[in-house]
Amino acid sequence: MTTITGPRKVIVLGALSGMAVASARRFAEDGASLFLVARRGEALEREAADLKARGAASVTCSTRDLTDTTDCDAFYAQASDAMGGLDTILVFYGVLGDQAEAERNPVEAARIVDTGYTSVVHWVLAGARRLEDEKTGRRGVLLTASSVAGDRGRRSNFVYGSAKAGLSVLMQGLDHKWVADADAPRAVNLKLGFVDTPMTDGLPKGGPLWAKPDDIAAIVRKAAETGKSTVYAPWFWRFIMLAIRLVPRFVFARVNL
Amino acid sequence: MSAAFQSETSRRSWGRVVRAEHHVARPATAADVADCLSHISGEGGTALPYGLGRSYGDSNLNAGGALIEGRRLDRFIAFDREAGVLRAEAGVSLDEIIRLVVPHGYFLPTTPGTRYVTLGGAIANDVHGKNHHRAGPFGRHVRALRLARSDGSIREITPDADPDLFSATIGGLGLTGMIVDAEISLVPIASAMIDQRTEALRNLDHFFEIAEARADQHEHTVAWIDCTASGDRLGQGIFSSGDWAMSGGLDAHRAGAGPVLPVDLPGFALNSVTLRSFNWAYRQRQLMKPGRERVHYAGFFHPLDTIRSWNRLYGARGFYQYQSVITFDAARDATRSMLERISASGQGSFLAVLKTFGEVASPGVMSFPMPGVTLALDFANRGEPTLRLMGELDAIVREAGGRLYPAKDGRMPADLYRSSYPGWEVVERHRDPAIMSDFWRRVIE
């Protein structure tokens, strides 16, 4: 943790997700400035009050549907003006969607893909441009929340998984662009397993594989400063997914996942 | 049930004796809490506010009905660093509050023996700490709270504007509505360290000799009693006192508890030999400490919080906790009688705690603490013999005009509760008609 040199200036896209809230709290405790973006403005104000009480230097709320990708560059500029700079971009929004519905109804499929990938491409690329131009004096970081669902297509959620696979490759490429340059920003992609948030309330929970939002927040906070570009969260998913990828197709066919 | 409620078959309280089915909702806002309550009310069912589940018996269960978990109401609302006043949602834990305020030179006005309770739960049970003789119970420091009720309302309640509902809600076991947020006063501290004084207690008389003097001298006092000792050594133990140190830094404890006890200890692991050995070893360890030393508040106030799920020590059948308070004039004889009964039964507990409560009154009409001496014990659940022993202790408490702590209780006789808590009728009058607990059903019917 010695690499932390001062409070960050953070924009959180999808600031009301359980993991985003928990992560924003970690940054606030370090005195960060925060710019929160989500659809529900009233709910954002509640989180803003909490983050100020926890020690955030400033909190600005912006109500926006992030699938609207007009003027992403101007929007980042606005966030940067509000905070006096911008060095951290957290992309947390997304929907789990309904796989069965998506297979029947193109509207649901498009919603999952647009929320999980298409619009994210705009925000990630505009964010990358912004971080390359920012001169805040500390190394920028662009962090996205992808999923282990993108590591191998499975019958239970492959539309969602394909969007997350796209996001993971996007971030892999961005890391490849930046990795050799010590002054370039860092691209960090979290591959999340099961997290106990309101988004997953419909699923049966419990057991050792389910992480708490606060566990993920600790990983986010650390990954913002140092570490690899692809971060399985929690770490054991790296090995679970390695095993799942290595299972031959004829065996995988018999597994109901 | 609506989609917001999920069925759960085996919710248990901290003592793990009872397992019950509930419909559980996890609302994230005050408005959602009010919606949950009115939904339940509309269906003619009952619901109970639920925090971190640290109540031991059945006061946090509502078998067959609904539980409304408060843990997602976990936001701070305002922290006035000049005035030392904090407003927070009711699902925030004392652990989180302490971590927030300590670096700014504040602490909770009083803290129970665990940090893992919610703000709402601390108010609903009007919890107490080692400084009860100075600070009174937790409810004393509540300046205002908001209550969601099944009529869909969310009301700000203050001691001045709504004295009746306020006093029914402090220590009201969550029955008057669900507390959704509260404003509390903090106390300034110069450091996060406690100057601790440790003394050996020869026996019970020795406790009564020094307890009053130590309460005058020190802000925090508590005694640990070896309840396997008998005869001249009955009541032998350790007396611990402490005061906030004037220096030593303002480092809060670290987030997250220590190791988890991953499995239930088998029932046979807890017997009179292991109990004796544990109590002997604990006493030796405490006595090896210097008489006075400077320790961090976390070790001083919350020693058991370092082991998560310590309740599994008592095995799969769970355990009962028994906490009584008896007025000063009757306390010496009654405490002696209780310790004699326990020692003779061979069903001692790992830790028995003895402490004096002071005169600082609670605003709550049904609060547990009163001036006198409180004794807290754990008993592994061995079925009939355990219930019989506690029945014998009941007789001593009843005779001495004392009472038992509902947050710890899963079995006290209804008439003992009602006669020792005359305020229960006030709470019943203010009870939200859609709120009920197993405990309340048991003691009022």
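Computed from the coordinates by the stated procedures, all read-outs in this text should not be read as laboratory data. Because the structure is predicted, anything quoted here is derived from the model rather than measured. Heads up, the Cβs are rebuilt from the backbone with ideal geometry, glycines too, and the neighbour counts pull from every protein chain shown.
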Dipole of the protein assembly as shown, positive end: most advanced residue of B:ALA83, B:GLY121, B:GLY235 [Cβ charges, Cα centre]: B:GLY235
List the residues, sorted by chain then number, that are 5 or more residues from B:GLY152 or on another chain and whose placed amide H is less than 5 Å from its amide H. B:SER38
One quarter of the C-alpha convex hull surface, i.e. the mean projected area of the protein assembly as shown in nm², amounts to 32.6 nm²
Using the Cα centre of the protein assembly as shown as the reference point, and only Cβ charges (+1 on K/R, -1 on D/E), how large is the resulting charge dipole? Debye, rounded to the nearest 20. 2220 debye
The answer for B:VAL24, listing residues at least 5 apart or on another chain whose modeled amide H is closer than 5 Å to its amide H, is B:GLN6, B:SER7, B:GLU8, B:LEU67
Arranged from highest to lowest average of other beta-carbon atoms within 10 Å per residue, in what order do the peptides B:116-124, B:405-413, A:189-197 appear? B:116-124, B:405-413, A:189-197
For the pair A:THR67 and B:ARG388, the simple spin-label estimate (label points 7 Å beyond Cα toward Cβ) gives in nm 6.9 nm
What ranking, highest mean first, results for peptides A:10-23, B:281-294 when packing means the other Cβ atoms within 10 Å averaged over each residue? A:10-23, B:281-294
Exercise: per-residue mean of other protein chain Cβ atoms within 10 Å, B:411-421: 0
For q values of 0.10 Å⁻¹, compute log₁₀ I(q)/I(0) with the Debye formula on a Cα-only model of chain B, without solvent. -0.68
Through the Karplus equation 6.51 cos²θ - 1.76 cosθ + 1.60, θ set to phi - 60°, convert the phi angles of the range A:248-256 into ³J(HN,Hα) values in whole Hz; use x for Gly and Pro. x, 4, 5, 7, 4, 4, 8, 9, 9
I need to check one value: relative contact order of the range A:1-124, counting alpha carbon pairs closer than 8 Å and at least 6 residues apart, in percent. 28 percent
Please compute the modelled spin-label separation between A:ASP183 and A:MET199, points set 7 Å along Cα→Cβ, answer in nm with one decimal. 3.6 nm
Quick one: 3J(HN,Hα) in Hz for the range B:121-129, Karplus 6.51/-1.76/1.60 with θ = phi - 60°, rounded, Gly and Pro as x. x, 4, 6, 5, 9, 6, 5, 10, x
With a 10 Å Cβ neighbour count serving as the proxy for reagent exposure, in which order, fewest first, do B:THR386, A:THR67 appear? A:THR67, B:THR386
Radius 14 Å from Cβ of B:ARG11, net charge of other residues (Lys, Arg +1; Asp, Glu -1): +2
Percentage relative contact order, the range B:60-172, counting C-alpha pairs under 8 Å, at least six apart: 17 percent
q = 0.11, 0.18 Å⁻¹, the range B:193-416: log10 I(q)/I(0) [Debye, one scatterer per Cα]: -0.58, -1.55
Sequence-distant residues sharing a close amide H with B:LYS130 (under 5 Å, placed H): B:THR111
Ratio to report: Rg/Rh of the range A:11-97, with Cα atoms as the point set and Rh obtained by the Kirkwood method; give two decimals. 0.94
Using Cα pairs closer than 8 Å and at least 6 residues apart in sequence, work out the relative contact order for the range B:5-69, in percent. 42 percent
Arranged by the count of other C-beta atoms within 10 angstrom, fewest first, what order do A:ASP50, A:ASP65 take? A:ASP65, A:ASP50
Normalise the Debye intensity by I(0) for the range B:5-69, one equal point scatterer per Cα, no solvent, then take log10 at q = 0.16, 0.19, 0.20 Å⁻¹ and round to two decimals. -0.48, -0.67, -0.73
What do you get for trypsin sites (Lys or Arg not before Pro) in the range A:66-160 restricted to DSSP loop and a cutoff of at most 14 other Cβ within 10 Å of the site's Cβ? A:LYS135, A:ARG155
Shielding of A:45-54 by other chains, given as the mean Cβ count within 10 Å, works out to 5
Cβ neighbours within 10 Å from other chains - mean over B:214-220: 0
Positive minus negative residues near B:LEU165 (Lys, Arg vs Asp, Glu; Cβ under 14 Å): -2
Angle check, please: helix A:41-54 long axis (alpha carbons) against the longest principal axis of chain A (alpha carbons), in degrees 0 to 90, nearest 10. 60 degrees
Dipole of the protein assembly as shown, positive direction: furthest Cα of B:GLY64, B:PRO112, A:GLY207, with charges on the beta-carbon: A:GLY207
Charge dipole of the range A:1-87 built from unit charges on the beta carbon (Lys, Arg +1; Asp, Glu -1), centred at mean Cα; most positive-end Cα among A:VAL59, A:SER80, A:SER23 is A:SER23
I need the phi-derived Karplus couplings for the range B:56-62: 6.51 cos²θ - 1.76 cosθ + 1.60, θ = phi - 60°, integer Hz, Gly and Pro marked x. 7, x, 10, 6, 10, 10, 8
Here the gain from full extension of A:LEU257 to A:LYS222, 0.36 nm per residue of separation minus their alpha-carbon distance, amounts to 9.5 nm
Peptides B:49-58, B:302-311 ordered by average Cβ neighbours within 10 Å, highest first: B:49-58, B:302-311
Which value in nm describes the separation of the simple spin-label points at A:PHE239 and B:ALA361, placed 7 Å from the Cα toward the beta carbon? 6.2 nm
Over the range A:156-257, what lengths in whole Å, largest first, do the semi-axes of the equivalent ellipsoid take, defined as the square roots of 5 times the eigenvalues of the alpha-carbon gyration tensor? 26, 19, 12
What's the magnitude of the charge dipole for chain A around its Cα centre, counting Lys and Arg as +1 and Asp and Glu as -1 at the beta-carbon? Answer in Debye, nearest 20. 900 debye
What is the order of A:THR69, B:THR110, B:THR169, B:THR274, fewest Cβ neighbours within 10 Å to most? B:THR274, A:THR69, B:THR110, B:THR169
Between B:MET288 and B:GLU425, what FRET efficiency follows from the Cβ-Cβ distance if R0 is 35 Å, with the result rounded to 0.05? 0.10
For chain B, with only Lys/Arg (+1) and Asp/Glu (-1) charged at the beta-carbon, what is the dipole magnitude about the Cα centre, in debye rounded to 20? 1260 debye
Mind listing P(r) for chain A? All alpha-carbon pairs, 5 Å bins, whole percents. 1, 6, 13, 18, 20, 18, 12, 7, 3, 1, 0, 0
